[in-house]
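Report on the structure given below.
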């Protein structure tokens, strides 16, 4: 899922093939829904005063002291949920799978009629569906062309309608002639996002400080944004550019920008191709969702378990060491800890996303799109957990082979790429085995 500019995720370790394993590492740049409706704010974050908790920078252990968040199965709920929480998860899954209709507010322009369409391989995974963003660079400045429907294309429309104001035919959006840059981004898995949501801002800020001190060449940047609805300054963590700070906002944004469903947090429809006059013919001009659907989708993502880990072997342990030695762990932080949560299964739990959720300069792999403080070359570190369920690689799915993907790494990922190319055959196999069990 993605958002437009003006309003503004059980294992086995049999013999591992080189091709599959390269696919795993290639996914270092595979990063759910995408939004950019924030306003910028430079005020200090409240969480600056909190105690940050992260695993040691060189930790590659599967468990750290304290309880670990675990999954029941890929696409299943977190382990340890109460009966009431399991009920909320089931109801949220129903909402996730439901197809919206025009009568319920779908459109007038949209990308898909159901969340499941983009996240069904398996439930909560990614289909690899690509979406298009565009904009215009002029004298070093980026313009998302909001007046032309930017920066996100809605590539479907509800077609011909008859309304009290007359007849009108809504058509899919296209990249306008004024644009001189466009980019594809693929949808990403939703596994474990409740854990990510429960990480305090202080943790991500401390990660950025540690990287600046210990590995300055690959230091990340926290994307400071303003949370929709509250106006609070937060650290973003969701979206390709880490431009959304909370899962609730992420949910409402997806309803608006993927399905055209308005809700209390985002009550204004997207104008098709930026044409505000066309909204006079919107079949359902009132608020489409009072909040129940958005909350149910939020519940589903909050309670969806992380990908189960594969079985450790001597080979995977050796691969974990290589993962650290060639620099992958500099950005793909193995273990994080959540803060306090009313959900016991999320409360102060360690988990292994293999991401710092910070922005990094990826050089030529940047998509050319600016969102908030995230520049054209910056992309949020992709979580590496659950790689074996992904169908394509890199943020835009450009890599048809795993080897092409890993060799395309650039910017702050180039040093790790070069170290990888110098690995011997046995070390590569160990690294591949390790990546396969994430």
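The values are calculated or read from the model by the stated rules, or taken from the named source; none is laboratory data. Since the model is a prediction, treat every value here as computed from it, not as a measurement. Because the Cβ atoms are built from the backbone with ideal geometry, glycine has one as well, and the counts that use them run over all protein chains shown.
A few comments on the model shown:
- Checked against (1) touching a strand residue (DSSP E or B) at 6+ places or on another chain (Cβ under 9 Å); (2) surrounded by 21 or more Cβ atoms within 10 Å (Cβ to Cβ), residue 383 passes all but condition (1).
- Unmet criterion (only one of (1) part of a loop (DSSP other than H, G, I, E, B); (2) modelled with pLDDT of 95 or more; (3) over 16 Å from the mean Cα position of the chain (by Cα)) for residue 357: (3)
- Among the conditions (1) at pLDDT 95 or above; (2) more than 25 Å from residue 199 (Cβ to Cβ); (3) outside any loop (DSSP other than H, G, I, E, B), residue 364 misses just one, which is (1).
- Among (1) at pLDDT 95 or above; (2) crowded, with 19+ Cβ neighbours inside 10 Å; (3) in contact with a helix residue (DSSP H, G or I) (Cβ under 9 Å, 6 or more places away or on another chain), the one test that residue 321 misses: (2)
- Looking only at region 265-277, residues that are touching a strand residue (DSSP E or B) at 6+ places or on another chain (Cβ under 7 Å) and assigned to a helix (DSSP H, G or I) come to 1 in all.
- Region 326-344 - residue that is in a helix (DSSP H, G or I) and touching a helix residue (DSSP H, G or I) at 6+ places or on another chain (Cβ under 8 Å) and, of those, surrounded by the fewest Cβ atoms within 10 Å (Cβ to Cβ): 329
- Annotation note: of 283, 308, the sole residue that is modelled with pLDDT of 95 or more, part of a loop (DSSP other than H, G, I, E, B) and surrounded by fewer than 24 Cβ atoms within 10 Å (Cβ to Cβ) is 283.
- Residue check, residue 189 surrounded by fewer than 22 Cβ atoms within 10 Å (Cβ to Cβ) and either in contact with a helix residue (DSSP H, G or I) (Cβ under 9 Å, 6 or more places away or on another chain) or under 30 Å from residue 109 (Cβ atoms) (or both): no
- Checking each residue in region 393-433 for being under 30 Å from residue 130 (Cβ atoms) and over 27 Å from the mean Cα position of the chain (by Cα) picks out 421, 428.
- Tallying residues that are over 21 Å from residue 89 (Cβ atoms) and over 22 Å from the mean Cα position of the chain (by Cα) within region 291-334 yields 18.
- Positions within region 242-264 being modelled with pLDDT of 95 or more, touching a strand residue (DSSP E or B) at 6+ places or on another chain (Cβ under 6 Å), within 24 Å of residue 376 (Cα to Cα) and in a loop (DSSP other than H, G, I, E, B), in sequence order: 242, 245
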